[in-house]
Every structure is written in structure tokens, then in C-alpha cells.
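Each value in this text was obtained by applying a stated rule to the coordinates, not by laboratory testing. Everything numeric here is computed off the predicted structure, so don't read it as measured data. Using ideal geometry, Cβ is built from the backbone for each residue, glycine included, and neighbour counts are taken over all protein chains shown.
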Amino acid sequence: MATEQQLANFREEVAGWLQANKPADPGFLLPQSFMEVGSEQQLDFLREWQYKLWSAGYLGMAWASEYGGQGAEPIFQSIANKEMARAGVPIAFNVIGLGWAGPLINDLGTPEEKSKYLKGILTGEDIWCQGFSEPDHGSDLGSAQCRAVRDGDEYVINGTKIWTTMGNYAKYMILLARTNPDAERKYDGLSFFLSPMQVPGIDPQPIRKLTGEYGFTQTYFNDARIPASCLMGEEGQGWLLAMKTLQYERGAEAGAAGGLSFIRIALEDMIESLQGIKRGGEPVLKDPVVRDELMQLVIEDKALSVGDKRSVISALTHDYRGSLPLSNKYRWTEHARRMRQAAVRLQGAHGSLYVKDEQAVGGGFWQRAYLQSFSATIGGGTSQVQANIIAEHVLGLPK
């Protein structure tokens, strides 16, 4: 186990490396999260940055060295992540691989699956997307209708998936598909695939978002044939593997390879952005009602931070076990949305301006951030679904 001095030395090492290697402004708009990678220009820039992070040893630190990791204690990755956030470096864009597919394969995959997939996730060479949600079922994953029919050494896939982030760039998809439509329980008819994307019959179509940017796709499967070896586990185990994946996605399970999923947008940045804004001729930050609202956000921000630390100390979570990990996504994404909404609203008339408008505060940064924040409150299960999870699995309330 690493000593306090070793951890302190490592923190200093990472901070120094990031300061020396932080990329300069590329001269074009960078995504604020992995859900907004919408151009080859952005992708090339972020792929190069992720490869640089991995080459320096700061991605996949807790993953085994034979699969591209460092074989280090998880705390080293945690330190590296915090220093990346502090330094304000770009995101590690391959989040579905780094944070969801990779940990799942690492924990439950065969040695062959680990050898085939893990290193490419870390280097950014192999981009992953997620095929869970469907247009007619949303967050009701148990009702997924995308079909996978066994035909010799292949499965034939037909159906549609939506919100497949970076599906148009992806090499692989974690795919939940129905292999047995006659199963007594709908959940037992689902299977889980590590599906290639670049095969005939798979057609990802980019979706233009409210911001005018891209990042999501709707993916169509028309008699797409994938090798039967892409099946993870056994037929009928798809629901269990999907739920395990969602534990990583919602922050309730450790094992992610690290890096930033989102550009760190701190409350202090929001307050700084309001310094020049006036209301009725007076600085908006002197308004007692505004100051009270900001203080509530400060309190909530601090509580979220302390809650994360508390969640790993069992003696402090015995009253409602699992409450903090299971509520992690809900709490953070809703707080981020409210904070960005306040930043825009408190700009007054300037809040109606957007990116590229010369008079927009901060170049329209906060308007873009607010509109983008809804993606996080929907992906991985909507806030309403998250509230139901907390009610049922933490508070014991009926469905």
C-alpha cells in the first residue's frame, strides 16, 4: 500500500506533467463533454490528447499491465483524475469504453476479451458506443425489441437504438438485444453483445441537437451479421450485464480507467462570470436574493463533494446503505443543470445571446453549458428513473 509521501510525490508529478503538457487552445470549439464530439477535427484533437495521457501512464492506472494499464492501486488514478480537473485539461473522449465497457470487460470478460479490447480503449484507437435505449422504449430497457437471431456462427441483428453517443465514429458497441422473444420474463430474453460497428447493415445517423452540435446518433440494424463470439456471457444474461454496466455509468461501481468525462465547470467560475453583470444599475452579485441563491448552490456543491468522500466510509453510511452511490448521478447532474441555469438567468437580457454573438457573456459559454446539461440528466437513465431507483432500492418504497 502506498504511503502518504508516495501519494504526495505522485500528485506533484502529475500536476507538473499536466502543466507542461496541457494543450494550447486549438482555435476551434472543443466539446464540454464526451456527448458533443461532432466533427473529425474535434475527434482528432481529443484522440491525440487521450493517447498522450495514456502514454504518460495516467489512464487505466488500476488496469492490469498486460492489458495496457499500470497495475497500480486505484487511489493513484483518483489522484490523477483530480489533478486533470484542477488543471482544466480536455476530456478523455472515449468515455463509454473507459468508464463502462472497459470496466465490465475487466471485471467479467474472458482473457480473450480482455486481450482483444482493453488496450485499444485506453489508447483511443478503438471508440465504443452504447446500444441500450430504443426510440419506443427510452429508459425501459427491459422492453428492448432489437432482435438478435442465431444463424450458425453468426447473429443477425434487426432493430434500432438511439442516443448512441459517437456511434458514427465507433468501432464497437455494447449492445443489448432480444434473443428470446418468448421468454416468460421479458428480462430473461435479452442478451449482451460486444458488437463491431463497421459491418454491412449497421447504419448510425447523427442527430442534430438543440445547440446545433452533434454527438448522438440513431443506429439502424438491417440484417446486420456479427460473429457469435461477440456474445458476452450466455444467452439470456443480457439484463444482468446491462445492470452491471449501468452501475459503472451511474458512478455506483468502481473500475473506470480515468480521465475527464466533462470539462470541469466550477461554481467559482460561474460567480466570476457574473462580476460585470448589473441589475437596476447595481452589480447583480450585491442583490441579497441573488446572494442567497448562490449560497444555496455553494452549500449543495460542498455537500456533494463531502458526500463522495463519505460514501466510501461504511460507518458513515450504515443508515441507508448504497444511498450515496445509487444517488450519485441524480444529485450531480441535477445540481449541474440548476447551476448552469442560474448562470444564464442571472445574466439578464444577455442570457438570450449565444455562442459567436459578440456581446455574449464569456462567448456564450454558459448558454451552451446549460443546454448541454440536459444530456447528462437523460443519459444513463433520466432523473425521474434515478429518483425511482432511490425510492425502491434505498428507501424501500413500493414500485
Q | Mean Cβ neighbour count within 10 Å, used as a protection proxy, ranking 178-189, 112-123, 313-324 highest first | A | 112-123, 178-189, 313-324
Q: Beyond 23 Å between alpha-carbons counts as too far, so tell me which of K119/K209; K171/K356; K161/K244 fall in that bin.
A: K119/K209; K171/K356
Q) Order of 80-88, 101-109 by packing, highest average Cβ count within 10 Å first? A) 101-109, 80-88
Q: Calculate, for Q341 and S115, the FRET efficiency according to 1/(1 + (r/R0)^6) with r their C-beta to C-beta distance and R0 41 Å; round to the nearest 0.05.
A: 0.35
Q.
Once you place label points 7 Å from the Cα toward the Cβ at A349 and V149, how far apart are they in nm?
A. 6.3 nm
(Q) Given axes a ≥ b ≥ c from the Cα gyration tensor, I'd like to know whether region 179-253 is rounded (a/c under 1.5), prolate (a/b larger than b/c) or oblate. (A) oblate
Q | Cross-link partners of K399 among aspartates and glutamates (Cα-Cα below 18 Å; sequence separation of 8 or more within a chain) | A | D140
Q: Give me the lysines in straight-line cross-link reach of K286: C-alpha distance below 27 Å, same-chain residues under 8 apart excluded.
A: K278, K302
Q) Here are several values of Rg and Dmax of the Cα atoms in Å: (1) 23.7, 75; (2) 21.9, 75; (3) 19.6, 61. Which one was derived from the coordinates shown? A) (2)
(Q) Cβ neighbours within 10 Å, averaged per peptide: list 162-168, 363-369, 94-100, 5-11 in order, most packed at the top. (A) 94-100, 162-168, 363-369, 5-11
